[in-house]
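Okay, structure first, notes after.
No value in this document is a laboratory result; all are computed from the given coordinates. In this text the structure is predicted, and so the values were computed from the model without any measurement. Glycine also receives a Cβ, built like all others from the backbone with ideal geometry; neighbour counts cover every protein chain displayed.
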Amino acid sequence: MKIVIPGGTGQVGGVLRRALVARGDEVTVLSRRPERLEDGVRYVVWDGRTLGAWAEAVDGAEAVINLAGRTVSCRYTDENLRQMMNSRVDSTRVVGEAIAQAAAPPRVWLQMSTATIYADARSRPDDLPQDETTGTIGGSEPVVPLYWEYSVRIARRWEQEQTDADTPRTRRVALRTAMVMTPDRGGVYDYLSWMTRLRLGGAVAGGQQYVSWIHGEDFVRAVELLLERDDIEGPVNLASPGPVPQRDLMRSLRKAWGVGLGLPATRAMAELGALVLRTDTELLLKSRRVVPGRLLEAGFEFRYPSWPEAAADLSRARRAPAAPYGPRGQGV
Ligand SMILES: NC(=O)c1ccc[n+]([C@@H]2O[C@H](COP(=O)([O-])OP(=O)(O)OC[C@H]3O[C@@H](n4cnc5c(N)ncnc54)[C@H](OP(=O)(O)O)[C@@H]3O)[C@@H](O)[C@H]2O)c1
């Protein structure tokens, strides 16, 4: 397939690019600063906000997978929140415009979204898991800090831009994605592994908050399914069926890395740590118990449905520098 990936230079883009190129797709990445040369990938400059020559790459492509957005791993200052919002809303709007004006628009537009759109799991009766039908959209939970509402607002506006786009000939899917776990440097798994090896990988604030996650390999396989399945439109949860409480997530990581001790942290200690690491505690403390209703309904089988096996696989892959990890276990 001819596939265009706006924002495909980041962590998720890395795992996806490699997999799509390996299966023979023609991949074009849109980037504000394309710096690298990579076999099988074409890089085209865009600004993420306005139409330009880059839109020619969209015309005649079969699929667009838009991943662009300023990283959320930062302090939630007013300025950072504004950039988080604008980079997502603007890039989605302009991707929609490029598709709308294409003579030969893509058959499918997969738009990144986030599992963070759902309410904190502790705000629901019985703390039930949330799929696309049973889930509650967040933003008005009484049990969480008020400022967490803004992340949900970003997610809603992000999805709304795709819904509002005038692209009648293109199937649209919003990827409500949980934490994508890959062994690559700089990703979430790398960060959690680093904490674990420093003996800091214990429960945070009691550790009962759920963590939703998906193995990178399953993320790629789910995207491949969504590229093909013409009957699937709208929001789809990309999360493993086995979200785990944070304390269990860290316990499995300690086991995978052979580390006995993981110091627990109170909420105040986590706040201090997040300040030092220039990130926000919402990423650690919000309870995300998101499950894949529509993927399972579509017959998708997870290779890594449960976290202990996923963590063991990822740490094995991370330890093997001689055999760089490909999304299907091939070298890349
Ligand atoms: N990683 C996860 O576990 C996860 C989970 C759920 C959702 N997501 C979402 O999935 C997307 C990709 O995640 P990721 O981890 O790959 O993120 P990432 O590593 O931060 O990459 C995102 C890419 O977006 C582009 N970008 C950044 N700021 C931009 C702006 N102002 N305008 C246009 N493009 C901009 C950058 O590309 P250039 O610098 O090359 O332009 C960057 O490489 C993000 O939107 C993220 O919120 C990620």
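Rounded to whole Å, the principal axis extents of the Cα atoms in the chain read 58, 48, 39, largest first.
Under a point-charge model restricted to the Cβ atoms of Lys and Arg (+1) and Asp and Glu (-1), what is the dipole moment magnitude of the chain relative to its Cα centre, in debye to the nearest 20? Intermediate results must be reported in sequence, preceding the final value.
On the way: 44 positive and 41 negative charges, 236 e Å.
So the dipole magnitude of the chain works out to roughly 1140 debye.
What net charge do the residues around Ala68 carry, taking every other residue with its C-beta under 13 Å from that of Ala68, with Lys and Arg at +1 and Asp and Glu at -1? Net of charged neighbours comes to +3. Among beta bridges from DSSP that stay inside the chain, the antiparallel ones total about 10%.
Please state the charge dipole magnitude for the stretch 3-157, taken about the Cα centre, from unit charges on C-beta atoms (+1 on K and R, -1 on D and E), reported in debye and rounded to the nearest 20. Intermediate values should be presented prior to the final figure.
Numbers: 19 positive and 20 negative charges, 64 e Å.
The dipole of the stretch 3-157 has a size of about 300 debye.
Farthest toward the positive end of the dipole of the stretch 2-319, out of Gly14, Thr266, Leu146, is the Cα of Thr266, where the dipole comes from beta carbon charges about the Cα centre.
Beta carbons within 10 angstrom, averaged per residue: use that to sort the peptides 16-28, 201-213, 144-156, highest first.
Per-residue mean Cβ counts within 10 Å order the peptides as 201-213, 16-28, 144-156.
Can you check what the net charge comes to around Asn86, using other residues whose Cβ is under 14 Å from the Cβ of Asn86 (Lys, Arg +1; Asp, Glu -1)? Before the final figure, lay out each step's value.
Working: positive: Arg32, Arg49, Arg70, Arg82, Arg88, Arg93, Arg153, Arg157; negative: Asp47, Asp78, Glu79, Asp90, Glu161.
Once positives and negatives cancel, what remains is +3.
Highest mean first, the peptides 218-224, 123-129 sorted by other C-beta atoms within 10 Å per residue fall in the order 218-224, 123-129. Look at the alpha carbon pairs under 8 Å that are at least 6 residues apart: their mean separation over the length of the chain gives a relative contact order of 18 percent.
So how much slack lies between Asp126 and Ala268, counting 0.36 nm per residue of separation and subtracting their Cα-Cα distance, in nm?
Details: separation 142, 0.36 × 142 = 51.12 nm, distance 2.69 nm.
Separation in residues times 0.36 nm, less the Cα-Cα distance, equals 48.4 nm.
Averaged over residues, the count of other Cβ atoms within 10 Å places the peptides 227-238, 296-307, 111-122 in the sequence 111-122, 227-238, 296-307, highest first.
Output the 0 to 90 degree angle, nearest 10, between the alpha-carbon long axis of helix 188-197 and the longest principal axis computed from the alpha carbons of the chain. The answer is roughly 20 degrees. Under conditions of 4 °C and 1.567 mPa s, the stretch 86-236 yields 74 µm² s⁻¹ as its translational diffusion coefficient, taking Rh as the Kirkwood radius over Cα pairs in the Stokes-Einstein equation. Ordered by the number of other Cβ atoms lying within 10 Å of each residue's own Cβ, fewest first, Thr177, Thr136, Thr266, Thr281 fall into the sequence Thr266, Thr136, Thr281, Thr177. Projecting the Cα atoms of Thr114, Leu314, Tyr76 onto the charge dipole of the chain (Cβ charges, centred on the Cα centre) puts Leu314 farthest toward the positive pole.
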